[in-house]
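Every read-out reported here was derived from the displayed coordinates using simple, explicitly stated rules and does not represent laboratory data. Since we're looking at a predicted model, the values are computed, not measured. Cβ atoms come from the backbone with ideal geometry, glycine included; neighbour counts cover every protein chain shown.
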Amino acid sequence: MNILIIGSGGREHALAWKIAQSPLVEVVWSAPGSPAMDRIGPCFDVAADDVQGLHDLALQLEPDLIVIGPEAPLAAGLADGLRARGFDVFGPGAEGAKLEASKGFAKDFMARLGVPTAMYRKVTDPVSARAFFDSLSPPYVIKADGLAAGKGVVIAPDIDTAIHEAQAMLSGRFGGAGAGLVLEEFMSGEEASVFVLTDGVNRLTLPACQDHKRLLDGDRGPNTGGMGAYAPAPVMTPELLKQVDETIAAPIIDAMAEAGFPYQGVLYIGLMITPDGPKVVEFNVRLGDPECQVLMMGLADDIVPALLACATGGMPARDFARLLPQLHASRPAACVVMAAQGYPGAYEKGSVIKGLKAAGAVEGVTVFHAGTGVNEEGDWIAAGGRVLTVTAAGDTLEQAVARAYEAVDLIDWPQGVCRRDIAWRALGKS
Ligand code: AMP
Ligand code: GLY
């Protein structure tokens, strides 16, 4: 079969890499893809948010399966349109994508179903914001309702900062995304991410991950899209995973189906493990980046039958459960993101990256490209904020992390930065 992947980041490079290993697959196409993805299969110059262009491309290529990587095209209804044309698509329709695209929708949905999450209020003015925060103790959590490229959340230490931040969002810091706000009670605990593959009825939970959102070692500095990740995360015991499936994944996925919008793809559950148990921080409607890189690296099984089953739907429960039999025997894996100096603020593009071949030759390592290009001399160059995801599997998490850093040290890129403490929580526990 032939598979079309939508997207161009490290997540999509890892998906293409894993999918291409499947004995079921002949060609992996990507749109728009990247120079690194082009080495796996042909890329087509159609942007991930060009819904009409992607419809046209699908009609031209007639792929057997379309895997949509990023959230923006899902929120724009790309999956609905492609399904209406008869394609099998991995990724929810626009209604399901609202779980990520509107934090207010997600909170109301959870409240209706009794899914554990932080107490909240939706507001559109600073006076209501102050009234709600007056009923809580600091710190205060302020979120733009809409998609804000992962930057729409502020944790404020005191009420004046909280109101100032709320005002800035309401007056357009994130454009329309901040026209409405979701204010939340602060939850303390350790964070983890759980990814549930579903065909709208059946569910398969992938090994739990932990991301590292802050730029600097010790979880300091600004929030980023993610500076590294690992799986499985020991904080998510089998009992907690079962609890998350029963109290979060099942009610959400069942309610979507009952509402007439069966959710076909992956539900990303961002969790806080609080003293009262796991609570939802946020939902995303796609695989995480860089969590996907780690999951693809660790997974022993072929991922394609599971992606296909989610996209087509209708598989008997027993068969669905057998799709990834080695799931929890999958190998520990870790990744280190190398970013351009200055990220998540302004950064330069075009610096030359050497040593990728040597890094990729370290046992168990693959370097996924999140934002690279090729210059006239044929060198790899930086072409984004997050540039590389150096990813490794090992017999143990310690070994995976050591291999990833051994590879990082072979990469000759003076303008690149990375964290040195990926997986510190798990390694500290062992
Ligand atoms: P989000 O973009 O919703 O994932 O939020 C970014 C980060 O803000 C999360 O990874 C958490 O670290 C933090 N966060 C969001 N909501 C809360 C909350 N209610 N309590 C504590 N931390 C939160
Ligand atoms: N790594 C966090 C995300 O993909 O949203």
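Below, the figures for the structure above:
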item: Cα centroid separation, the stretch 329-347 to the stretch 363-430 (Å); result: 7 Å
item: Nearest-20 debye value, the chain charge dipole, Cβ charges on Lys, Arg, Asp, Glu; result: 480 debye
item: Leu216-Asp319 pseudo-label distance in nm [points 7 Å out on the Cα-to-Cβ vector]; result: 5.4 nm
item: Dipole of the stretch 1-114, positive end: most advanced residue of Phe105, Ala79, Ala16 [Cβ charges, Cα centre]; result: Phe105
item: Kirkwood-type radius of the stretch 150-247, with distances r between different C-alpha atoms, in Å; result: 16.2 Å
item: Whether the stretch 1-159 is rounded, prolate or oblate, judged on the alpha carbon gyration tensor where a/c under 1.5 counts as rounded; result: prolate
item: Residue-averaged [θ]222 nm for the chain, counting only DSSP H segments that reach four residues, each worth -39500 (n - 2.57); result: -9000 deg cm²/dmol
item: Segment Asp45-Thr312, extension gain: residue separation times 0.36 nm, minus the distance between their alpha carbons; result: 93.4 nm
item: Theoretical FRET efficiency, 1/(1+(r/R0)^6), r = Cβ-Cβ of Glu246 and Ala358, R0 41 Å, to 0.05; result: 0.30
item: Gain on full stretching of the segment that runs from Ala84 to Ala255 - 0.36 nm per residue minus C-alpha separation; result: 59.4 nm
item: Sorted peptide list for 219-227, 295-303, criterion being average Cβ within 10 angstrom, highest first; result: 295-303, 219-227
item: For the stretch 268-395: Kirkwood Rh in Å [reciprocal of mean 1/r, alpha carbons]; result: 17.4 Å
item: Label point distance in nm, Thr274-Met119, each placed 7 Å from Cα along Cα→Cβ; result: 0.9 nm
item: Shape call, the chain: gyration tensor on alpha carbons, a/c limit 1.5; result: rounded
item: Theoretical gain in end-to-end length, Asp108 to Glu26 [0.36 nm per residue, Cα-Cα removed]; result: 25.2 nm
item: For the stretch 102-239, size of Cβ-based charge dipole, Lys and Arg +1, Asp and Glu -1, in debye; result: 360 debye
item: Rounded, prolate or oblate (a/c below 1.5 giving rounded, otherwise prolate when a/b exceeds b/c) for the stretch 340-426 by Cα gyration tensor; result: oblate
item: The stretch 166-266 - charge dipole about Cα centre, Lys and Arg +1 at Cβ, Asp and Glu -1, debye rounded to 20; result: 400 debye
